[in-house]
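What follows is a structure written as structure tokens; I'll ask about it next.
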Amino acid sequence: MDAYYYLIAGLPDISLEDGKLSYSVDSFKSEIYPDLSDKDKKVIDLFYLKFDNDNLLHLLKDKEYVVKKVGMFSADELLTLIDTVKDGDIPDKKYPSYFCKFISEYLSLSPEDEHRANDMLASDYYSFAMTSKNRFVSAWFEFNLNINNIQSAIAARKYKLDVSSVIVGNTDVCEMLRVSNARDFGLGETLTYLDNIQRIAEIDDLVEREKKIDQLKWDWLEVESFFDYFTVERLFVFLLQLEMIERWISLDKDKGNELFRAMIKALKNEVQIPEEFRN
């Protein structure tokens, strides 16, 4: 196991309540990432691939899209991969396998089903990340997937929408969320944090609710990585926490409320609303 004593000792202390940062997700990639071992780079890649996911999805819709450069691949690389899959050729092994799987899935979608693309890509991404040989990182992606799905399931029930259509992924927990009619989705004894998420879901203020969810994630990261002092796991945690802070700094309360209202509207628009609940 590689140890990064000097790298980690030199990282700034950060808190979810920070109002400004002297460091960024982008600067981590340019300053620290190059010093990691090849094995540990693959772990950190799982964090940065989320930006490639977004770039890939946009490029499939518009090849002139200006990509976010914080990802692992350039626009030319992603466009080359898209063309390779279209032509049925064998892609370079440098690309994660789920990219090719998703591109094939996307190209087979009918126009009326294109709204499913984001969830399809998220499902492929989480499935890929949860196969990581790093147990901590794999557990994080499963935890994060569960939180996102539970929130979606609770919101779908609240608005009397089809729960199964908003669940992403193919784990046992995903299946329980899709089919269970129990208040706790039959997961109360399986997921110790389920009650916490359900209490948070009852908070009316959308920004406060999201901040509580981020605090839940922050606390999980701190507890689960407690004994990982100078390892890649600590760097992975730092990146995730840094991203949370960056997002909150970029949002004031009014913008936050507007964002979450847009998210709820998108949820309603993307699922099939039963006939009896349509206006």
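Is one or more of the residues making up segment 167-181 more than 17 Å from the chain's Cα centre (by Cα) and farther than 24 Å from Leu121 by Cβ?
yes
Next question, about the same structure. Restricting attention to helices (runs of 4 or more DSSP H) lying wholly within segment 203-279, give those where 2 or more residues are closer than 21 Å to Ile167 by Cα and at pLDDT 90 or above.
Here the list reads 206-224.
Something else about it: Provide a single number: the residues in segment 146-198 that are under 19 Å from Gln215 (Cα atoms), without any contact (Cβ under 8 Å) to a residue 24 or more places away in the chain and part of a helix (DSSP H, G or I).
Result for segment 146-198: 3.
Oh, and also: Go through the residues of segment 136-153 one by one and say whether even a single one is under 25 Å from Asp87 (Cα atoms) and either buried (at least 18 other Cβ atoms within 10 Å of the Cβ) or not acidic (Asp, Glu) (or both).
Checked segment 136-153: no residue is under 25 Å from Asp87 (Cα atoms) and either buried (at least 18 other Cβ atoms within 10 Å of the Cβ) or not acidic (Asp, Glu) (or both).
Something else: Of all the helices (runs of 4 or more DSSP H) wholly in segment 35-120, which have at least 1 residues that are within 18 Å of the chain's Cα centre (by Cα) and of a type outside the set (Phe, Trp, Tyr)?
Passing ranges, in order: 38-61, 97-107.
Please go through segment 84-96 and pick out each residue that is surrounded by 12 or more Cβ atoms within 10 Å (Cβ to Cβ) and modelled with pLDDT of 95 or more.
Thr84, Val85, Tyr95, Pro96
Being surrounded by fewer than 18 Cβ atoms within 10 Å (Cβ to Cβ) and either within 14 Å of Glu142 (Cα to Cα) or within 19 Å of the chain's Cα centre (by Cα) (or both) narrows it down to one of Tyr159, Tyr193, so name that one.
Within the list Tyr159, Tyr193, the selection yields Tyr193.
The values are calculated or read from the model by the stated rules, or taken from the named source; none is laboratory data. Just so you know, these numbers come straight off a predicted model, no measurement behind them. Backbone-built Cβ (ideal geometry, glycine too); neighbour counts: all protein chains shown.
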